[in-house]
Amino acid sequence: MTSLLTRMASGKPQLGLWQALANPYTAEICARAGFDWLLFDGEHAPNTAQTLLAQLQAVSAFPVAAVARVPQGEPVSIKQYLDIGFSTLLVPMIDNADHARAVVSACRFPPLGIRGVASATSRASGFGSIPDYLARAHERVSLIAQVESRAALSAIDDIAAVDGIDALFIGPADLAASLGHLGNPRHPEVQDAISHAKSRIDAAGKPAGIFALSVEDADARMAQGFAFLSVGTDIGLLTRGSSDLLATLRS
């Protein structure tokens, strides 16, 4: 399975889809559709380690990058997500460089970090079959910091400068709420904040990602130079598809 960072090296915008249904059937369908990456959400979706593992296995046959969003940037869930085989993590609510460094440490075995060692029983190590897994595991892990608060905007240069933070992702919904515009990510102040964040991420030489609000917004973000975008959710596709079908028949 190709990593998202490797895919971004092509220079083409990488189009992703949020997975919130917590179901391997729908994950397989979305992987088969040909998206560049899928985001498996552990923050807001009803996922457990078991449901995430089932989804990861369901998409493993496809050339799609699997990214997982942990519930929060703390060591226990990070350790579990890495052990079951996710190699790219999106960490929400990174507000400062100290938190970013702590997340990096949670992803690395000692002496580079504090990640607990369970190599012989972890799927990520091939259940102990990868000889150099412990020594090189940190080279296989990619970390994306989610920028979605006023505090993160203020500290974005410091966050982006942290060694081990490989990319930054802007979350418009929480950013809007933090700026006093709950439910209105299209507000001019929010849009200005997104443009500012993008410029600072560019200045750090790291890829910038964003959750696009619509197809039109995705087009604009690609023109703006975002390296990776989420262009919708599995729930959104099912909701709109079922509603549109029924509306068409009843009309």
Looking at region 200-249 only, could you name the residues that are under 23 Å from residue 29 (Cβ atoms) and among the acidic types (Asp, Glu)? 234, 244
If you go through 243, 251, 195, the only one that is modelled with pLDDT under 95 and more than 18 Å from residue 91 (Cα to Cα) is 251
Mind listing whichever residues of region 176-189 are within 13 Å of residue 212 (Cα to Cα) and buried (at least 18 other Cβ atoms within 10 Å of the Cβ)? 185
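For every residue, the table says whether it meets (1) surrounded by fewer than 18 Cβ atoms within 10 Å (Cβ to Cβ); (2) in contact with an Asp or Glu (Cβ under 6 Å, 6 or more places away or on another chain); (3) of a type outside the set (A, V, I, L, M).
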{"residue": "49", "(1), (2), (3)": "yes, no, no"}
{"residue": "55", "(1), (2), (3)": "no, no, yes"}
{"residue": "91", "(1), (2), (3)": "no, no, no"}
{"residue": "100", "(1), (2), (3)": "no, no, no"}
Among the candidates 83, 41, single out the residue that is modelled with pLDDT of 95 or more and surrounded by fewer than 21 Cβ atoms within 10 Å (Cβ to Cβ). 83
Provide a single number: the residues in region 172-200 that are closer than 19 Å to residue 225 by Cα and among the acidic types (Asp, Glu). 1
Right, residue 186: among the basic types (Lys, Arg), out of contact with any strand residue (DSSP E or B) (no Cβ under 8 Å at 6 or more places or on another chain) and within 27 Å of residue 157 (Cβ to Cβ) or not? yes
Scan region 57-69 for residues that are over 13 Å from the mean Cα position of the chain (by Cα) and either buried (at least 20 other Cβ atoms within 10 Å of the Cβ) or hydrophobic (A, V, I, L, M, F, W, C) (or both) and jot them down. 58, 59, 61, 62, 64
Across region 70-105, the tally of residues that are polar (S, T, N, Q) and under 13 Å from the mean Cα position of the chain (by Cα) stands at 3
Show me the helices (runs of 4 or more DSSP H) found entirely inside region 180-251 where at least 1 residues are β-branched (Val, Ile, Thr) and under 21 Å from residue 7 (Cα atoms). 188-203
Taking residue 3 as the residue in question, decide whether it is surrounded by fewer than 19 Cβ atoms within 10 Å (Cβ to Cβ), of a type in the set (Gly, Ala, Ser) and farther than 24 Å from residue 73 by Cα. no
Can you tell me which residue within region 114-145, out of those that are of a type in the set (Ser, Thr, Tyr) and surrounded by 15 or more Cβ atoms within 10 Å (Cβ to Cβ), is nearest to the chain's Cα centre (by Cα)? 142
Quick one: would you say residue 192 is within 30 Å of residue 164 (Cβ to Cβ), exposed (fewer than 12 other Cβ atoms within 10 Å of the Cβ) and not polar (S, T, N, Q)? yes
Looking only at region 168-179, and only at residues there that are part of a helix (DSSP H, G or I) and touching a helix residue (DSSP H, G or I) at 6+ places or on another chain (Cβ under 7 Å), the one that is farthest from residue 207 (Cα to Cα): 178
Given the condition closer than 29 Å to residue 98 by Cα and not polar (S, T, N, Q), answer yes or no: does some residue in region 28-38 qualify? yes
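The values are calculated or read from the model by the stated rules, or taken from the named source; none is laboratory data. Nothing here was measured: the structure is a model prediction, and the numbers come from that model. Quick reminder, even Gly has a Cβ in these numbers, built from the backbone with ideal geometry, and neighbours come from all protein chains shown.
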